[in-house]
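What follows is one structure encoded as structure tokens, with my remarks underneath.
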Amino acid sequence: MNLETLNKLALERNDQTILGLFDTDTDRAQGFSISTGDLLFDYSKTQIDADIRNALIRLCDEAGLADRRTAMFDGAKINETEGRSVLHTALRNLDGGPVEVDGLDVMPDVLDTLHRMRVFAEEVRGGAVIGAGGSLTDVVNIGIGGSDLGPVMATHALAPYHDGPRLHYVSNVDGAHIADTLRQLDPTRTLVIVASKTFTTIETMTNARTARAWMADGGGDPAKQFAAVSSALDKTQAFGIPSEHVFGFADWVGGRYSVWGPVGLPVMIAVGSNAFDAFLRGGQAMDVHFQAAAWFENMPVLLALVGIWHRQVLGHSSRAVLPYDQRLLRLPAYFQQLEMESNGKSVAMDGSPLTGPSGPVVWGEPGTNGQHAFYQLIHQGTDVIPCEFMVAAEGHEPELVHHHRLLLANCFAQSEALMRGRGLDEARQLMADKGLQGEELERQARHRVFPGNRPSSTLIYPMLTPFVLGQIIALYEHRVFVEGVLLGINSFDQWGVELGKELATSLGPVVDGEISADGKDGSTAALVAYALRHRD
Ligand code: F6P
């Protein structure tokens with residue numbers, strides 16, 4: 001990515017404030033925001049002006065973005081290090097045409113699995129699938145990473161639509177997670193879904209075996225009360241899950257992109273197949289927009305370009321995702337995997353080292369909670385952290401409309417405060433109004449200065465419906481894709497997670513005390529020794 005022009009523009013505009021951009025362009029809010037469907041993405045509270053935007057957009061053509069986009073949607077094997085297509089978009093291609101991988105249309109299988117999911121989900125919801133003790137009251141999804149974060153996030157997000165059995169998620173291999181979850185449940189009326197693309201992930205398989213033993217010991221029937229979601233059908237069979245309860249998907253669905261297919265089964269059981277359909281249709285609507293809109297009015301592209309501006313040009317190493325939507329409480333964690341596992345790479349597609357930074361650290365919490373925790377640093381810390389606010393115009397609680405107005409006011413106030421800041425003179429005046437004078441006034445005033453000129457964007461949507469959620473998730477997926485194309489990396493592998501897994505496997509018998517820690521580094525050996533000493 002050639003950033004020469006952008007670096008030059010950034011230098012030239014060193015003294016240009018965001019507020020100043022609004023003074024010189026009274027239509028800035030309209031000119032630097034775009035909409036698709038009912039979503040509005042406002043990036044006017046950034047330093048991006050028309051020249052910068054043009055230079056950013058040129059990057060898309062230089063990187064061959066249009067061809068890469070076509071290649072992805074057409075099923076080309078753009079995940080080159082794993083030799084795979086990247087076709088999570090096929091999972092929501094409800095009204096689309098054929099999608100071919102190796103000359104074969106994958107859509108009949110996709111739609112067939114979706115149909116089976118619908119039937120199964122409605123049977124569970126309606127009481128036709130029963131456990132040893134009667135209809136199913138609870139569903140436990142056992143999975144981790146992409147086999148957990150997507151459904152967890154969506155289940156929280158769609159709580160107002162949840163009219164099926166209670167849902168629980170177990171991901172951590174820490175026994176506390178499964179113990180605390182199962183303790184509250186009846187093993188004869190619980191369905192366990194084991195979600196794992198590979199069906200080898202140690203955390204998931206350990207939890208699945210523990211759940212199976214719990215169910216069998218408690219009078220439940222694992223042969224009837226287990227289902228599986230996986231690409232490894234031989235392994236689900238070996239685990240003993242009946243084929244009618246197994247929902248497969250192909251290797252061209254990456255784990256962190258998998259919530260649209262069988263991995264979304266618990267969400268479908270919770271909210272019903274119609275609401276899940278609306279979620280898929282929201283994702284599909286974003287796909288259509290992403291493929292059709294010109295770069296300058298293409299929401300995922302603009303979102304990506306704002307990201308590139310902040311990370312690669314201005315060098316801000318993290319970005320905060322701040323949903324003013326309590327039901328999106330797991331969205332920052334979901335985006336962490338989506339963005340950091342996809343674009344946290346140091347080598348380009350051809351294996352050469354990246355010449356600039358990779359994707360940023362992504363983190364966040366819902367507002368207003370974050371305001372009373374970490375916003376201090378965002379406003380007055382020494383690092384600039386671009387913020388991505390999200391908020392619904394309307395909540396689901398008509399009786400609590402005053403809450404929602406406060407939520408909106410807080411969201412808008414934060415982006416305004418970040419941009420506006422408070423200068424020293426104003427802070428001095430505040431202290432003078434409080435009766436302070438001289439050195440004490442000066443000292444106190446300096447603590448009350450806000451540098452301002454801190455960038456943020458806001459995504460606003462009418463209400464967090466299943467359709468809107470689908471749009472938002474697909475928007476961010478495509479944003480990650482665009483950023484990856486501009487960086488020239490493979491956003492669809494995750495080799496960086498492997499070394500830790502290998503070492504954990506080799507450390508298993510050491511921690512069990514079966515073999516010694518000789519050969520390990522001093523720190524690791526000492527930690528093992530401590531753990532062994534303090535056992536029992
Ligand atoms: O370890 C990382 C990872 O492979 C993720 O990419 C994936 O979402 C997660 O583990 C779970 O993998 P699986 O669905 O195969 O259990």
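Computed from phi, the 3J(HN,Hα) profile of segment 88-105 under the Karplus parametrisation 6.51, -1.76, 1.60 (θ = phi - 60°) reads 4, 5, 5, 5, 10, 7, 4, 10, x, x, x, 10, 9, 10, 6, x, 10, 6 Hz, with x in place of Gly and Pro.
Using the Cβ-Cβ distance between GLU442 and ARG422 with R0 set to 22 Å, the FRET efficiency works out to roughly 0.90. All C-alpha pair distances within segment 52-96, sorted into 5 Å bins from zero, spread as 5, 20, 19, 19, 15, 13, 8, 1 percent across the bins. The slack in the chain from GLU498 to SER516, taken as 0.36 nm per residue of separation less the alpha-carbon distance, amounts to 4.2 nm.
Take the Cα of GLU82, step 7 Å toward its Cβ, do the same at SER506, and the gap between the two points is 2.4 nm.
Given R₀ = 56 Å, FRET efficiency for HIS396-ASP61 by Cβ-Cβ distance, to 0.05?
On the way: r = 42 Å, r/R0 = 0.75.
It comes out at approximately 0.85.
All other residues with a Cβ under 13 Å from the Cβ of ASP433 taken together, and with Lys, Arg as +1 and Asp, Glu as -1, what is their net charge? In short, +1.
Taking every C-alpha pair closer than 8 Å and separated by at least 6 residues, the mean separation divided by the residue count of segment 303-409 gives a relative contact order of 38 percent. Residues in segment 357-373 carry Karplus couplings, in order, of x, 7, x, x, 6, 10, 7, x, 7, x, x, 8, 3, x, 4, 9, 10 Hz; the curve used is 6.51 cos²θ - 1.76 cosθ + 1.60 with θ = phi - 60°, and Gly or Pro positions show x. Cross-link partners for LYS434 among the lysines, with Cα-Cα distance under 29 Å and sequence neighbours closer than 8 places in the same chain left out, do not exist in this structure. Charge tally around ALA55: other residues with Cβ under 14 Å, Lys/Arg +1 each, Asp/Glu -1 each, net -2. The residue among PRO160, GLY255, VAL110 whose Cα reaches farthest toward the positive pole of the charge dipole of segment 88-271, with charges on the beta-carbon of Lys, Arg, Asp and Glu, is PRO160.
Counting pairwise Cα distances across the chain, what percent come out greater than 33 angstrom?
The calculated P(r) of the chain puts 47 percent of pairs beyond 33 Å.
Taking amide H as placed 1.01 Å from N in the peptide plane, the amide H of ARG422 sits under 5 Å from that of PHE450, GLY452, each at least 5 places away or on another chain.
Amide H to amide H distances under 5 Å link VAL194 with ILE142, ALA227, ALA228, VAL229, where only residues 5 or more positions off or on other chains count and H is placed in the peptide plane. Here the sum of -39500 (n - 2.57) over DSSP H runs of 4 or more residues, divided by the residues of the chain, equals -13500 deg cm²/dmol at 222 nm, to the nearest 500.
The trypsin sites (Lys or Arg not before Pro) found in segment 139-233 that occupy coil by DSSP, while having at most 12 further C-beta atoms within 10 Å, are ARG183. Normalising the average separation of contacting C-alpha pairs (under 8 angstrom, six or more residues apart) by the number of residues puts the relative contact order of segment 88-271 at 29 percent. Given the chain, what percent of its DSSP beta bridges are antiparallel, to the nearest 5? Around 30 percent antiparallel, to the nearest 5. In the chain, Cα pairs under 8 Å separated by at least six residues give a relative contact order of 18 percent. Here the chain has 52 percent of its accessible surface on carbon and sulfur atoms, given a 1.4 Å probe and all protein chains in place.
For ASP234 and SER523, the difference between the fully extended length at 0.36 nm per residue and the C-alpha to C-alpha distance is 100.0 nm.
Percent of Cα pairs in segment 88-271 per distance bin of 5 Å, from zero to the largest separation: 1, 8, 18, 22, 22, 15, 7, 3, 2, 0. With R₀ fixed at 45 Å, the C-beta to C-beta distance from VAL119 to ASP23 puts the FRET efficiency at about 0.15.
Ordering 123-132, 506-515, 431-440 by mean Cβ neighbour count within 10 Å, with the highest value first, yields 123-132, 506-515, 431-440.
Annotation: amide H-H contacts under 5 Å for ILE515 (H modelled 1.01 Å from N, sequence separation of 5 or more, or interchain): VAL510. The charge dipole of segment 88-271, taken about the Cα centre with unit charges on the Cβ atoms of Lys, Arg (+1) and Asp, Glu (-1), comes to about 400 debye, rounded to the nearest 20. Using 0.36 nm per residue and subtracting the Cα-Cα separation, the extra length available between GLN16 and ASN54 on full extension is 11.9 nm.
Each other residue within a Cβ distance under 9 Å of VAL449 adds +1 if Lys or Arg and -1 if Asp or Glu, for a net charge of +2. Extending 7 Å from Cα along the Cβ direction at GLN184 and again at THR198 yields two label points whose distance is 3.1 nm.
The values are calculated or read from the model by the stated rules, or taken from the named source; none is laboratory data. From a predicted model like this one, the values you see are computed outputs, not experimental measurements. Cβ coordinates were reconstructed from backbone atoms using ideal geometry, including for glycine residues, and neighbour counts include every protein chain displayed. Ligands, DNA and RNA are stripped out before the accessible areas are found, and what is left, the full protein with its side chains, is counted by its heavy atoms. Shrake-Rupley method; radii C 1.70, N 1.55, O 1.52, S 1.80 Å.
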